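Enquirer: Shown below is the structure under consideration.
The values are calculated or read from the model by the stated rules, or taken from the named source; none is laboratory data. Everything quoted here is computed from the prediction, not taken from an experiment. Because the Cβ atoms are built from the backbone with ideal geometry, glycine has one as well, and the counts that use them run over all protein chains shown.
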Amino acid sequence: VDDGSVSGVFAETKDGVLEVNAKAVVLAGGGWAANLDMLAEYGGYDMDITKTSCAPGSVGDTLKMAAAIGGREEAKARGYMFGNLIDGISSYSLPQYYPAIWVNENGERFANEDCGEPCHDYTGTAVGAQDRVYIVLNDAMVDEAEAQGNKDLRKEIEAAAGGASKAVFKGADAADLAKQAGWTGDFAETLATYEGYVAQQNDDEFGKNPKYLASFGEGPLYALMIHQEIALSLGGIITNRQWQVVGEGKQPIKNLYAIGADGQMVYLGLYNLNTSGGHMATNVESGRYAVKHALKTCF
């Protein structure tokens with residue numbers, strides 16, 4: 001209406017435009033993680049190696065609606081719920097097998113591989129900073145990882161490496177593995193340096209826990225390329241403590257609220273698991289507080 005408050009919504013239906021008048025509007029569209037273009041734009045994800053398992057309806061319409069009437073959005077600063085997966089490998093937990101090493105498209109290590117021990121999402125932050133990321137294991141590590149719960153890992157690796165997989169590679173030694181995977185740097189030197197850390201039981205570069213420092217021996221070696229799979233975006237429409245959508249000067253837009261994945265303000269670039277109840281608690285509480293405030297001020 002003329003004073004800048006919200007008095008309802010318009011919806012496009014198969015029968016035409018539907019006008020809904022309301023004293024308060026609550027946006028709860030589940031974010032935009034099912035929208036590949038928005039994942040690329042706001043998340044900076046390379047969609048050639050990123051997938052989404054988000055609910056199909058979460059395509060960002062609510063964020064666009066809020067922004068169109070002056071609501072602030074900072075979608076690029078928001079976090080995501082995701083996993084690190086490998087095409088052809090059914091295990092979800094292989095990135096948490098810490099004796100393996102990770103290398104990027106240059107065949108270089110870039111992080112301590114046990115960084116996900118305190119919080120699994122730390123692995124996503126490390127992986128997302130590289131163009132491509134590969135988990136490297138030897139035969140003994142494949143067996144140990146399988147024994148730790150990565151069911152059918154060897155069978156799946158052998159099947160993928162023996163076929164036309166673009167995610168799983170096998171090499172007789174470091175040089176052969178680098179050739180198969182197409183790494184542009186000197187992976188043999190990377191591995192030799194790491195073997196030095198194993199021998200001294202101290203990772204001079206990244207401080208990996210010594211209990212996870214294990215030798216790779218002579219080969220064969222396996223490289224498994226990680227892809228990130230996005231399950232949910234976490235916020236983007238800026239809200240205040242009553243879950244009202246705010247505009248310029250952080251002033252609330254009257255009668256308009258955004259809750260759950262739309263108005264999430266708890267997480268920025270990282271979704272950690274150290275907040276009690278996590279995102280689901282915020283879903284519930286944001287709905288409660290928005291409705292309580294609307295009942296008090298809009299009716």
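Enquirer: Going residue by residue through region 262-280, is there one that turns out to be part of a loop (DSSP other than H, G, I, E, B), small (Gly, Ala, Ser) and within 20 Å of residue 95 (Cβ to Cβ)?
Expert: yes
Enquirer: Assuming residue 90 fulfils every condition listed in (1) surrounded by fewer than 20 Cβ atoms within 10 Å (Cβ to Cβ); (2) of a type in the set (Ser, Thr, Tyr); (3) closer than 26 Å to residue 209 by Cβ; (4) in contact with a helix residue (DSSP H, G or I) (Cβ under 7 Å, 6 or more places away or on another chain) apart from one, which condition is it?
Expert: For residue 90, the failing item is (3).
Enquirer: Checking the structure you have, find out if any residue of region 188-200 is at positive phi and not aromatic (Phe, Trp, Tyr). Quick ask: steps written out before the conclusion?
Expert: Pass one, region 188-200, residues at positive phi: none.
Taking every residue of region 188-200 in turn, none turns out to be at positive phi and not aromatic (Phe, Trp, Tyr).
The rows are residues; the columns are (1) within 30 Å of residue 7 (Cβ to Cβ); (2) modelled with pLDDT under 95; (3) of a type in the set (S, T, N, Q).
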residue	(1), (2), (3)
196	no, no, no
206	no, no, no
212	no, no, no
218	no, yes, no
225	no, no, no
237	yes, no, no
272	no, yes, yes
276	no, yes, yes
281	no, yes, no
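Enquirer: Any idea how many residues of region 171-218 are within 29 Å of the chain's Cα centre (by Cα), over 26 Å from residue 157 (Cα atoms) and in contact (Cβ under 8 Å) with a residue 12 or more places away in the chain?
Expert: Of the residues in that region, 5 qualify.
Enquirer: Is there any pair with a first residue in region 135-162 that is assigned by TED's automatic domain parsing to the domain that holds residue 112 and on the phi > 0 side of the Ramachandran plot and a second that is among the small types (Gly, Ala, Ser) and not in a strand (DSSP E or B) whose Cβ atoms are under 9 Å apart and which are 6 or more apart or on different chains, and what are they?
Expert: Pairs found: 149/91; 149/93; 152/90; 152/91.
Enquirer: For residue 250, state whether it is among the basic types (Lys, Arg) and buried (at least 20 other Cβ atoms within 10 Å of the Cβ).
Expert: no
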